[in-house]
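Structure first, then comments.
The values are calculated or read from the model by the stated rules, or taken from the named source; none is laboratory data. Keep in mind that what you see is a predicted model, and the values were worked out from it rather than measured. Note that each Cβ is placed from the backbone with ideal geometry, even for glycine, and that neighbours are counted across all protein chains shown.
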Amino acid sequence: MASQGVVPEGFVGRDIVLDTNGPFVYIGRLKRADDFIFELEDVDVHDSTDSCTAKEVYIMDAKKFGVKKNRTSVFVLADRVVSLSLLEDVIDY
């Protein structure tokens, strides 16, 4: 999905949300991306199967209250990512 050319300009160094085609959502600072991986720093890795909170609500809470970092860095396989957005672009509802 993502290569450095596909990641919008200005995303590197900013907090992003990576939603996957599985139960995991990743919220952290984008360090780099290529055709195969996203590398994030200061990351909250959230497994929605371990929680009764829906991904969408969890992401909105991260925007409101801050990222609950539980990893220093993470590599996410690009073929698992279904959406990418800036955390600041998350709309509260």
Filtered residue count, the range 48-82, keeping only those that are within 15 Å of R29 (Cα to Cα) and not aromatic (F, W, Y): 13
Residue among I16, I59 that alone is among the aliphatic types (A, V, I, L, M) and touching a Gly at 6+ places or on another chain (Cβ under 8 Å): I16
Candidate set from the range 38-58 (those that are of a type in the set (A, V, I, L, M, F, W, C) and at pLDDT 95 or above); member that is nearest to G22 (Cα to Cα): V45
Filter result for E88 (of a type in the set (D, E, K, R) and exposed (fewer than 12 other Cβ atoms within 10 Å of the Cβ)): yes
Odd one out for V17 among (1) without any contact (Cβ under 8 Å) to a residue 40 or more places away in the chain; (2) outside any loop (DSSP other than H, G, I, E, B); (3) among the hydrophobic types (A, V, I, L, M, F, W, C): (1)
Selection within the range 6-49 - farther than 11 Å from V67 by Cα and of a type in the set (D, E): E9, D19, D34, D35, E39, E41, D47
